Amino acid sequence: MSLEKPSSPTEIGVTEDGLDYDALAELLGGHVIDRESHVNAEGFVVRPDEVQAVLSTLKTEAGFDHLANLTAQEYDDRYESIYHLRKYDDPTQELSIVVPSPKDDPHNQSAARIYDTADWHEREAYDLVGIDYDDHPDLRRILLPETWQGHPLSQDYDQNQPQIVTLRENANPLQDDQRSEDDPDTMFVNIGPHHPATHGVLHVKTVLDGEQVADIDPDIGYLHRCEEQMCQQGTYRHQIMPYPDRWDYVSAGMLNEWAYARAAEDLADIEVPEYAQVIRTMSAELSRIAAHMLALGTFALDVFGDFTAIFQYAFRDREVVMNILEDISGQRLMFNYFRLGGVAWDLPEPRDEFFEKIRDFLDDLPYKLEEYHDLITGNEIFQMRCVDTGVLTPEKAKSYGATGPVARGSGVDYDLRRDDPYGYYDELDWNVVTETGCDNFSRVLVRMREVEESARIIEQCVDLLEQWPEDDREIQANVPRTLRPEPDEEIYRAVEGAKGELGIYIRSDGTDKPARFKIRSPCFSNLQTLPEMSQGEYIPDMIASLGSLDIVLGEVDR
Amino acid sequence: MGEGADARFNSTLREAFGSTPFILTKFDQFMNWVRGSSMFMLQFGIACCSIEMIHTYAIKHDLDRFGAGIPRASPRQADVIVVPGTIVSKFAPRMKRVYDQMPEPKFVVSMGSCTISGGPFQEGYNVVKGAEEVIPVDIHVPGCPPRPEALVYGVAKLQERIANGESSPVTVKPYELEQFGDLERDELVEHLADEIDEDDLVMRYNWNDSP
């Protein structure tokens, strides 16, 4: 069956019913000084100067090839970094490495040598929480301006203190001779943060050698709107749910809401009624189609550089999806439709009309996709720009923590809907799409084929919902008005968002608000692969690679 | 329009003029009418609202119908900037620079709650509480995000204002771009003196004074 995966060779600690943490602890021997139990996995506490040894053992000998996330936080008596590890082959096998460091001088070893993705994650932890990572290749602020004072998610931060922000990088790039000093044959080109090809406010510092990219440094943080702080200020029950819509804002709201819903429901032990799960699955896949349509349209815009046919067609089709989503949720973009334990309300009446509308859309979809294939993938100019450009090998994709269509375009068979099932996905018949080209073309192809799979899922959901007995339409479980999870529970849970693994770490402290809320954004990790892809490529290929990554700055910067 | 003029010139507008082909008006009024009827928008995306802004330009809502539909990639070719999203400290100086590069006369439509007050992110440590903290705004379109219809209405209102020769007053004292050397020497400035050159442009945020 499509939902099964070939089993991997036996690794240390793997047993039939999950991970044997004792065997893993034995593997690490004296490195493990304490063990914690998180809701999703066990946590091994290790000394701050043994991080590299521990992670490299776990990566090479126990098969933990995916550093999903790094959470940094400050307690009353210490700082703490948590490395959330899992496996690309089976993401249900998870392990947290907890690294405490002293309050007065928070230091620990960097993991950037073991996992490439740790580079940016540690920079973010340094920027927002203030932990120093020794042996890090380039530890400087990533989201906030370089002249910022203080670390905003640390305990003693004063939010009202004045700040000074410079405009240095924005000086006219051609004012001085921009040939770089140490190598006079190269030239510096400044792209963004206001640029039509950067999909929002991304700033890309590029060094060109002739027409080829010699060095590239994505500069992010132009849309860092303190999402984690906002979520830490809100109560679990209702005040957090509106924010996920605004992480990945290209209509992927339902998928993001599910990430929070899943984490909080598992934390507070809430069962979601089956009927609500089917509605969730259907609306989430509609969101995915809308998001992939935008990816397709803007990618065509990047490669062809026009605002005409393909871009407009993609938006025409998005309008149809958005109308359906508006019927469900009452909003075109920021749905706020999920609730902890279910959804806000039942499907719109009259139901027949509503289902008819979805079926009409699904019936038209194959023809539309065929048209896109004619216009895009079959186009010779497009192929010349995209085939064999922006190559990302599967090994690099894994090391950078790439997920979603970016990983699947590199042949990494990783999809949380199948591998770490939630919702109603494991009851339905659909396939995980992978392509092995590893180039820009594959990534676009994966998205287009995923739209077909999403349509299959929606169709099955509609069938189910149509026949659902009227007296069994329970949309909401019984959830207390104020949710107060047990103190000191920790959880990391992820769902398959439009761009990849969208994970959330929550630590509770017994109050009705989370003590720490960390968002693992797929775009953040995916964007890190850009230098890897575009080194030595022409600059238009770099723009195509950027388009094929399909980043949303709201989610990169949070 | 002498004899033998093509029939296509005989529009309803032409008929309305009656026998005389001339209109008497003030030049300024004429120019205002022209400006309002043909606006070049800046292609400027920030956050969530930019998605709805694209939908406003695209099929179905088609802002071009109102003579305001051509997005220009360069601020030097644009006369209206729609500010579609949350402005954070790192971006505000850049937005100011983009605005400064637009030729006069220029107009600003602020789209969404974030550009009015910071919206849902108002309490964020990094969020500028409204576009008006940085640049003067002519029309505010509320919503999170506003529907395309709302933005169309906002643009139509702007056209009306321009045709009437109205311009917007600056209601708050905005954050300005200044040279670092011109800042008042206080503790923070002293602290950063090693990092920032005297003639670097900077923006100083006094969060306490923000509305």
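The values are calculated or read from the model by the stated rules, or taken from the named source; none is laboratory data. Keep in mind that what you see is a predicted model, and the values were worked out from it rather than measured. Every residue, glycine as well, gets a Cβ built from its backbone with ideal geometry; the counts of neighbours run over all protein chains shown.
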- B:Met41: passes all of (1) without any contact (Cβ under 8 Å) to a residue 60 or more places away in the chain; (2) part of a loop (DSSP other than H, G, I, E, B); (3) buried (at least 21 other Cβ atoms within 10 Å of the Cβ); (4) not charged (D, E, K, R) but (2)
- Message: Given (1) buried (at least 17 other Cβ atoms within 10 Å of the Cβ); (2) assigned to a helix (DSSP H, G or I); (3) away from chain A (no Cβ under 13 Å); (4) of a type outside the set (A, V, I, L, M), identify the lone condition not met by B:Thr115.
- Response: (3)
- Query: Only one residue in A:Ala263, A:Ala268, A:Ala284 is modelled with pLDDT under 90 and in the same structural domain as A:Arg473 (by TED's automatic domain parsing), so which one is that?
  - Reply: A:Ala268
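Can you confirm whether A:Ala259 is away from chain B (no Cβ under 12 Å), touching a residue at least 40 places away in the same chain (Cβ under 8 Å), within 22 Å of A:Glu496 (Cβ to Cβ) and among the small types (Gly, Ala, Ser)?
Taking the combined requirement at face value, the residue satisfies it.
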- Item | Residue that is farthest from the other protein chains (Cβ to nearest Cβ), among those in region B:75-89 that are farther than 12 Å from B:Ile46 by Cβ and out of contact with any Lys or Arg (no Cβ under 6 Å at 6 or more places or on another chain) | B:Val80
- Task: Within region A:265-307, track down each residue that is part of a helix (DSSP H, G or I) and touching a strand residue (DSSP E or B) at 6+ places or on another chain (Cβ under 7 Å).
- Result: A:Asp266, A:Leu267, A:Ala276, A:Ile279, A:Arg280
- Message: So in region B:72-90, with the set limited to residues that are touching a residue at least 60 places away in the same chain (Cβ under 8 Å) and among the β-branched types (Val, Ile, Thr), which one is surrounded by the most Cβ atoms within 10 Å (Cβ to Cβ)?
- Response: B:Val82
- Do we find a residue being surrounded by 24 or more Cβ atoms within 10 Å (Cβ to Cβ) and over 16 Å from B:Cys49 (Cα atoms) anywhere in region B:141-155? no
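Residues are listed down the side, and each one gets a yes or a no for (1) charged (D, E, K, R); (2) within 15 Å of B:Gln159 (Cα to Cα); (3) part of a strand (DSSP E or B); (4) within 14 Å of chain A (Cβ to nearest Cβ):
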{"position": "B:Ser19", "(1), (2), (3), (4)": "no, no, no, no"}
{"position": "B:Ile23", "(1), (2), (3), (4)": "no, no, no, no"}
{"position": "B:Arg35", "(1), (2), (3), (4)": "yes, yes, no, no"}
{"position": "B:Cys49", "(1), (2), (3), (4)": "no, no, no, yes"}
{"position": "B:Asp64", "(1), (2), (3), (4)": "yes, yes, no, yes"}
- Considering each residue of region A:308-359, count those that are within 14 Å of another protein chain (Cβ to nearest Cβ), surrounded by fewer than 17 Cβ atoms within 10 Å (Cβ to Cβ), in contact with a Phe, Trp or Tyr (Cβ under 9 Å, 6 or more places away or on another chain) and in a loop (DSSP other than H, G, I, E, B), and give that number. 1
- Item | Odd one out for A:Gln277, checked against (1) touching a Phe, Trp or Tyr at 6+ places or on another chain (Cβ under 8 Å); (2) surrounded by 24 or more Cβ atoms within 10 Å (Cβ to Cβ); (3) within 30 Å of A:Asp426 (Cβ to Cβ); (4) touching a residue at least 40 places away in the same chain (Cβ under 8 Å) | (2)
- Could you please give the count of residues in region A:237-257 that are in contact with a Phe, Trp or Tyr (Cβ under 9 Å, 6 or more places away or on another chain) and over 25 Å from A:Gly297 (Cα atoms)? 3
- Task: Filter region A:339-382 down to residues that are aliphatic (A, V, I, L, M) and more than 18 Å from A:Asp327 (Cα to Cα) and give me whichever is farthest from the chain's Cα centre (by Cα).
- Result: A:Ile381
- Task: Please find, within region A:190-230, the residue that is surrounded by the most Cβ atoms within 10 Å (Cβ to Cβ) out of those that are within 11 Å of chain B (Cβ to nearest Cβ) and either over 25 Å from B:Met53 (Cβ atoms) or aromatic (Phe, Trp, Tyr) (or both).
- Result: A:Tyr222
- Item | Selection status of A:Pro145, assigned by TED's automatic domain parsing to the domain that holds A:Val51 and more than 21 Å from the chain's Cα centre (by Cα) | no
